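Please read the structure below before turning to the comments.
The values are calculated or read from the model by the stated rules, or taken from the named source; none is laboratory data. Here the structure is a predicted model, which is why all the values come from computation and not from measurement. Note: ideal-geometry Cβ built from the backbone for every residue, glycine included; neighbour counts use all protein chains shown. What goes into the accessible areas is simple: the full protein's heavy atoms, side chains included, and nothing from ligands, DNA or RNA. Shrake-Rupley method; radii C 1.70, N 1.55, O 1.52, S 1.80 Å.
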Amino acid sequence: RSRLAEAELNLATARSRPAWIVSGGMRRIEETDDWALVGGVTVPLRLSNRNQGRIGETRATLAQVEASEIADRVRIETELFVLFQELNHNIELAAALESEVEPRLGTALDDTLRAFELGRSSYLELRAVQTELLEVAYEILDAQANAYRLSIEIERLTGESLTAMPINE
């Protein structure tokens, strides 16, 4: 878009310069029955710029196009920043759940299962720990799926593979 606006500005500037007019031809003189070769050059005086309005309009259009391109770039960079933050959050969430919460719930399930087998724990308590462990597993899968979806969106916007980009910096 900016190339088109620049070309229009160049055209308007070129049209603002007055053109020289060269004319010529043959003329017959009736009285003497002669023919004469007649030529002329018209050189306009440059007292004012004839195309000032069009040049101003084109400059304004060019500035608007450049501002629009800058705004689009800032919007895309902001969107990429937000996507990267969400991606990092989902990656860290999945890692934290896998390394900290899931092992503790696994240990709690083992302890509750032993207590249930010894008659010290009820089936409801065993079922509650199993449910919590399943919910954490679903949260891990959800965070991983969101991270995958976000990485696809980032790759779509940038046109580059995320394996070539540093993520956790």
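About the Cα centre of the chain, how large is the charge dipole given +1 on each Lys and Arg Cβ and -1 on each Asp and Glu Cβ? Please answer in debye to the nearest 20.
Result for the chain is approximately 1440 debye, rounded to the nearest 20.
Dividing the alpha-carbon radius of gyration of the chain by 2.2 N^0.38 Å (N being the number of residues), what value is obtained?
In units of the globular-protein estimate, the chain measures up at 2.53.
In deg cm²/dmol and to the nearest 500, what is the mean residue ellipticity at 222 nm of the chain if only DSSP H runs of at least 4 residues count, each as -39500 (n - 2.57), divided by the residue total?
Here the helix-only value at 222 nm equals -24000 deg cm²/dmol.
Which shape class applies to the stretch 103-169: rounded if a/c is under 1.5, otherwise prolate when a/b exceeds b/c and oblate if not, where a ≥ b ≥ c are the square roots of the Cα gyration tensor eigenvalues?
Because a/c hits 1.5 or more and a/b exceeds b/c, the stretch 103-169 counts as prolate.
Probe radius 1.4 Å, ligands and nucleic acids left out: which of 84, 116 has the largest accessible area, and how do the rest follow?
From most accessible down to least: 116, 84.
Summarise the accessible area of the chain (1.4 Å probe, protein heavy atoms) by the percent that is carbon and sulfur.
55
What does the accessible area per residue of the chain come to in Å², with a 1.4 Å probe and no ligands, DNA or RNA counted?
Counting only protein heavy atoms, the per-residue value for the chain is 75 Å².
Please find, in a Gaussian network model of the chain (springs between Cα atoms separated by less than 10 Å), the residue of 13, 42, 112 whose mean-square fluctuation is greatest.
Taking springs between Cα atoms under 10 Å, the residue moving most is 42.
So for the stretch 24-169, taking the charge dipole from beta-carbon charges (+1 Lys/Arg, -1 Asp/Glu), which of 147, 70, 36 sits furthest toward the positive end?
My answer, from the dipole projection, is 36.
Report the local net charge at residue 125: Lys and Arg +1, Asp and Glu -1, summed over other residues whose C-beta lies under 14 Å from its C-beta.
Within the 14 Å Cβ shell, the charges total -1.
Give the share of C-alpha pairs in each 10 angstrom bin for the stretch 31-121, from 0 to the last occupied bin, in whole percents, shortest bins first.
11, 13, 12, 11, 10, 9, 8, 7, 6, 4, 3, 3, 2, 1, 0
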